[in-house]
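The structure under discussion appears below in the form of structure tokens.
The values are calculated or read from the model by the stated rules, or taken from the named source; none is laboratory data. Every value quoted in this text rests on a predicted model; they were computed, and no experiment measured them. Here the Cβ is made from the backbone with ideal geometry for all residues, glycine too, and neighbour counts use every protein chain on show.
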Amino acid sequence: MAKELVGEEGSVHEQHHGKDFVDPPPPPLTLIAEFAATLLFLYVSVATVIGRKSQTHSCAGVGFLGVAWAFGGMIFILVYCSAGISGGHINPAMTLGRFVARKLSLVRAVAYIVSQSLVTISGAGSVKAVMKDYYNSLGVAANSVASGYSKAPALGAEIIGTFDLVYIVFYRP
């Protein structure tokens with residue numbers, strides 16, 4: 001059953017064919033957009049963390065605030081640039097959230113998650129290729145929990161933070 005919304009001039013604005021979402025452009029273009037956005041995010045964010053860890057003096061680099069701005073700025077720019085093409089997920093949690101909210105088909109959700117997962121390997125590999133000495137000596141490849149904290153609360157905070165991100169993106173007043 002198709003539902004059409006017709007404007008004043010008689011043009012069709014939107015069509016739904018028995019589903020709660022409208023698919024974005026063809027899959028090759030959307031997968032390329034997700035791959036490129038996720039790759040750029042990973043490269044810039046990991047390179048910024050390497051720069052922060054390699055600085056010897058507090059005024060010699062970006063600092064913690066610079067790392068936060070790099071992460072936030074990259075997400076803002078990349079979501080803005082890729083939202084019209086692929087939805088600007090850049091994160092498998094966002095893709096899963098859109099699927100659960102019935103705003104994305106199962107086929108596209110799986111394709112996006114596979115693409116986003118493969119690009120994490122490419123992103124980390126590209127940083128390692130360009131900044132090999134810093135990458136290996138500073139231990140940037142492994143996440144660690146700050147001293148004084150255990151892994152269980154850190155994992156809980158990560159889960160809650162990701163849930164908050166997905167909730168905020170889907171919130172509509």
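Quick notes
- Test: residue in the stretch 74-84 that is in contact with a Pro (Cβ under 7 Å, 6 or more places away or on another chain) and either in contact (Cβ under 8 Å) with a residue 40 or more places away in the chain or outside the structural domain of Gly51 (by TED's automatic domain parsing) (or both): no
- Test: residue in the stretch 127-150 that is under 22 Å from Ala33 (Cβ atoms), within 18 Å of the chain's Cα centre (by Cα) and assigned by TED's automatic domain parsing to the domain that holds Leu31: yes
- Selection status of Gly61, farther than 21 Å from Ile90 by Cβ, touching a helix residue (DSSP H, G or I) at 6+ places or on another chain (Cβ under 9 Å) and assigned to a loop (DSSP other than H, G, I, E, B): yes
- Answer residue from the stretch 86-103, given it is in a loop (DSSP other than H, G, I, E, B) and not β-branched (Val, Ile, Thr) and is nearest to Ile159 (Cα to Cα) among those: Asn91
- Meets criteria (assigned to a helix (DSSP H, G or I) and in the same structural domain as Val114 (by TED's automatic domain parsing)) for Ala33: yes
- Among residues of the stretch 111-166, those that are in a loop (DSSP other than H, G, I, E, B) and crowded, with 16+ Cβ neighbours inside 10 Å, counted: 2
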